[in-house]
Amino acid sequence: MKRRPYPLALLVAATFTGLAGIHYLASRRVPVGVFNDDAFFILLAKSLRKGAFALPDGTPVTDPLPGFSALLMLPAWAVEPRWHLLQLLVVACGLLAVFLTWRLALRFLSRPWALSAALLTGLNPVLVGLGGIVIPDIPYLALSLALFLGVGAIRTASPWWNLPVLVSGAGLACLMRPQGALLTLGLGVAVWVRLGRVQSLAFMGGALAPLAVWLCRNLLAGRTVTGFVSNWKSQFFLFPGPLEQANHFISLVGSMFGQGLIGATGPQALSAGAGFACLLLAGHGAVRLTKSPEGGLPAPGVAGAGVPPPLGTGSGLAAGMASYVILVLALHATWPLTEARYLIPLLPFAVILILASLRTWLDKLGPAALLLLAAQSLALLRYDLAFAGRGWGPRPLFEPETMAWLCRNTPPEARIESLAFHGVELFAGRKAVPP
């Protein structure tokens, strides 16, 4: 006798399919090149295929890091010049990040709330809005989630090759985003709890080694360890006094967590208040999880209980996640920009920690908790549907008439002045400089 599919499985499959459709349509609204940095990463991927990491004129590049461009080398070669196909890779990474959020949340939350964490992550307008833009933020997010899952699965009796594989993944993360070094430190905390001090130090040293080698290359090629550090040092002094720094931090928390995480737009007092409420809940959730040897899951037999992970897994991971959130927030507190997109590397971790804080209260509410979740999901969905609605119709191209005119009317050796200088280099094949 055939078993009928479990209704929850059908609901999850239908939800994920709808989520994939939203992410795909949202990615279609933005042509490759409009972000400028996306064209830059593609140009660097082409440069790496020739054995260099440089601008088309041969000038060595020290910022950004080379990891994402290295990952793009083969895909970019395969799709050239149909660069829009690379957007599918970023969309796939975003959907993978949603799936991995669910898997990671299962180590701390019961199944319904783990699915809720994945849903809130997948519907987040910052994630949906950046989906399809060929920059490393979303692939890096998927990698960071995979690394936390990998560290959570490692044990003293694990095969010898498990730790080197994790070291390699963390090393790649260090070469993808500046936050990768902070991710390594957060993962190192989790490894310390899981395996001990020696293994943790070996993990962090091995993961940071490729970054150290690359920074030495930059020092030799461009006389700076990285352009990112140079920019940071030049702008850090925008906050010479404690009041200016405090105001910047309030604005940052409001932008990242108030607007970016829960969609609290409007006056700064509203978004900042919502942002700090999210931070307090995340901090409370981290304390609860780190104090529990099993990550805070209810015991088997208790309503809403999931299958508990191995002893110590949850507490070590929670300590690592909390450390990572604190370190990334501290980094951005010294950076002058306060954009909601800086939430991306912290998004699923913040959601899991907040739900861990609210878990007991939400379980007591029963069905009413589902209504609260539905209300928050609908609040996020209205932004997502606006993004997706702009993805209907023909796929837009990046300034096709302008690029065609430049190709027809300028010699190959011409140098063009343009705000979209990397886009000009990619689509018109002309050297370009910013105004």
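The values are calculated or read from the model by the stated rules, or taken from the named source; none is laboratory data. A quick note: this is a predicted structure, and the numbers were derived from the prediction, not measured. Cβ: placed from backbone, ideal geometry, glycine included. Neighbour counts: every protein chain shown. Each accessible area value is taken on the protein alone, full model and side chains, heavy atoms only, with ligands, DNA and RNA left out. Shrake-Rupley method; radii C 1.70, N 1.55, O 1.52, S 1.80 Å.
Key figures
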{"quantity": "Residue match in the stretch 357-375 (condition: of a type in the set (A, V, I, L, M) and buried (at least 22 other Cβ atoms within 10 Å of the Cβ))", "calculated": "no"}
{"quantity": "Sole residue being farther than 20 Å from Pro136 by Cβ and assigned to a helix (DSSP H, G or I), chosen from Ala157, Ala221, Ala170, Ala181", "calculated": "Ala221"}
{"quantity": "Whichever residue in the stretch 55-65 is in a loop (DSSP other than H, G, I, E, B) and either touching a Gly at 6+ places or on another chain (Cβ under 6 Å) or under 20 Å from Leu211 (Cα atoms) (or both) and, among such residues, is most open to solvent (accessible area, probe 1.4 Å)", "calculated": "Asp63"}
{"quantity": "Total residues in the stretch 397-428, condition open to solvent by 50 Å² or more (accessible area, probe 1.4 Å) and not hydroxyl-bearing (Ser, Thr, Tyr)", "calculated": "15"}
{"quantity": "Yes/no for Ala78 being out of contact with any Asp or Glu (no Cβ under 7 Å at 6 or more places or on another chain), outside any loop (DSSP other than H, G, I, E, B) and within 19 Å of Gly171 (Cα to Cα)", "calculated": "no"}
{"quantity": "The stretch 253-274 residues that are at positive phi, paired with ones that are surrounded by fewer than 16 Cβ atoms within 10 Å (Cβ to Cβ) and of a type in the set (A, V, I, L, M, F, W, C) (beta carbon under 9 Å, 6 or more apart)", "calculated": "Gly263/Ala379"}
{"quantity": "Condition check for Tyr324: open to solvent by less than 10 Å² (accessible area, probe 1.4 Å), modelled with pLDDT of 85 or more, within 24 Å of Ala274 (Cα to Cα) and not hydrophobic (A, V, I, L, M, F, W, C)", "calculated": "yes"}
{"quantity": "Gly295 surrounded by 21 or more Cβ atoms within 10 Å (Cβ to Cβ), over 17 Å from the mean Cα position of the chain (by Cα), at pLDDT below 75 and not hydrophobic (A, V, I, L, M, F, W, C)", "calculated": "yes"}
{"quantity": "Ala52 in contact (Cβ under 8 Å) with a residue 60 or more places away in the chain and over 12 Å from the mean Cα position of the chain (by Cα)", "calculated": "no"}
{"quantity": "Given (1) charged (D, E, K, R); (2) in a helix (DSSP H, G or I); (3) farther than 22 Å from Met403 by Cβ, index of the condition Asp38 fails", "calculated": "(3)"}
{"quantity": "In the stretch 157-200, the residues that are under 15 Å from Ser323 (Cβ atoms) and either free of Cβ contacts under 8 Å to residues at least 24 places away in the same chain or open to solvent by 20 Å² or more (accessible area, probe 1.4 Å) (or both)", "calculated": "Ala181, Leu182, Leu185, Val189, Trp192, Val193, Arg194, Ser200"}
{"quantity": "Residue check, Val128 open to solvent by less than 10 Å² (accessible area, probe 1.4 Å) and under 22 Å from Gln259 (Cα atoms)", "calculated": "yes"}
{"quantity": "Some residue of the stretch 109-125 being of a type in the set (Lys, Arg) and closer than 17 Å to Leu43 by Cβ", "calculated": "no"}
{"quantity": "Unique residue being open to solvent by less than 20 Å² (accessible area, probe 1.4 Å) and touching a Pro at 6+ places or on another chain (Cβ under 9 Å) when the list is Ala76, Ala39, Ala52, Ala97", "calculated": "Ala97"}
{"quantity": "Residue tally, condition touching a strand residue (DSSP E or B) at 6+ places or on another chain (Cβ under 7 Å) and at pLDDT below 75, over the stretch 206-252", "calculated": "1"}
